[in-house]
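What follows is a set of notes on a single structure, which appears directly below.
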Amino acid sequence: MKHEASRGAETVAADGTTATKSPSGSQTLFRGLDLLDVVAESGAIGLPALAKQLGLTRSTTHRLATALVERRLLSQAPREGYSLGSKLLELGYLASQQMDLPRLARPHLEKLLDELEDTIHLGVLDEDRALYLDKLTGRRRINISSRVGDRQPIRSTGLGKALVLDETEARWRELYKMEGPPAPGAPDEEQWVAWMKDYATRGVAFDLEENEDRIRCVAAPVRGAAGQIVAAISVSGAAQYMDDERMNTLVEDVREAANAIARDLGWNGKRGPR
């Protein structure tokens, strides 16, 4: 992937050589950020390839890279080239510490509530349970008993299933067995695992009145910067408002909201290793 960098500070002389003026401060900043993007995408990369990707001369690229190495944003190894530096680890850790997931997700959840009028949940995996971090009560006259701070089963909640969509079949079976024998009318292990395979392919999960009588939901995972599932959101409502047709209609809305939160967390659209 070639990055288009501004070359306004470079001029070509009559003899064909390139002369480089001192770029403006903002231009230098953007070039440096482009350089970091290239290294992040390419892994270890040598100076010639780096300059070609950026569309800059080797001398300009070398000056930028040297400055970033001095600040530990890049590291350089002989015969390997440039790679991301340790300072980025520090900054990433500090960013994750400062990032409040419920606060960051709230605008997206409120937008979803305005559009759908159903109850919205946000949760994370807490050991082998789904921990509810936020709840926006819907505008329909129904009562959903969930509360912020609740820890609900993985097996019977849409939110819980969405949190483990990247797990292996063996792990799904472990999680199923943790809840003991299924209630009358609930799916047996084979049916549940078949559902999970389908949900994993679609990137969403359903709760078909499994956790609470006459309550259904559509849930989708939220991915972090590394591509792994770090949270999930769900839209829940009374079965009378959530027939099969509407649930399938909601899939794209819920998935888009989850992905919007993920992008705010630094997700680049790629899934992490399973």
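The values are calculated or read from the model by the stated rules, or taken from the named source; none is laboratory data. Given the structure is predicted, the values throughout are model-derived calculations rather than measurements. Cβ sites come from the backbone with ideal geometry, for glycine too, and all protein chains shown count toward neighbours.
What to note about this one:
- Applying the criterion of at least 3 residues that are touching a strand residue (DSSP E or B) at 6+ places or on another chain (Cβ under 7 Å) and more than 23 Å from residue 267 (Cα to Cα) to the helices (runs of 4 or more DSSP H) found wholly in region 19-86 leaves 58-70.
- Residue 126 in the same structural domain as residue 180 (by TED's automatic domain parsing) and surrounded by fewer than 14 Cβ atoms within 10 Å (Cβ to Cβ): yes
- From 59, 26, residue being outside the structural domain of residue 230 (by TED's automatic domain parsing), at pLDDT 90 or above and over 29 Å from the mean Cα position of the chain (by Cα): 59
- Condition check for residue 134: in the same structural domain as residue 211 (by TED's automatic domain parsing), part of a strand (DSSP E or B), free of Cβ contacts under 8 Å to residues at least 40 places away in the same chain and under 19 Å from residue 260 (Cβ atoms): yes
- For region 226-250, a residue qualifies if it is surrounded by fewer than 17 Cβ atoms within 10 Å (Cβ to Cβ) and either aliphatic (A, V, I, L, M) or within 17 Å of residue 157 (Cβ to Cβ) (or both), and the qualifying residues are 226, 239.
- Unmet criterion (only one of (1) in a helix (DSSP H, G or I); (2) of a type in the set (D, E, K, R); (3) more than 20 Å from residue 229 (Cα to Cα)) for residue 106: (3)
- Filter result (free of Cβ contacts under 8 Å to residues at least 24 places away in the same chain and either of a type in the set (Gly, Ala, Ser) or over 18 Å from residue 221 (Cβ atoms) (or both)) within region 183-209: 183, 184, 185, 187, 188, 189, 190, 191, 194, 208
- In a residue-by-residue description of region 237-257, the property of being assigned to a helix (DSSP H, G or I) and touching a helix residue (DSSP H, G or I) at 6+ places or on another chain (Cβ under 6 Å) applies to at least one position.
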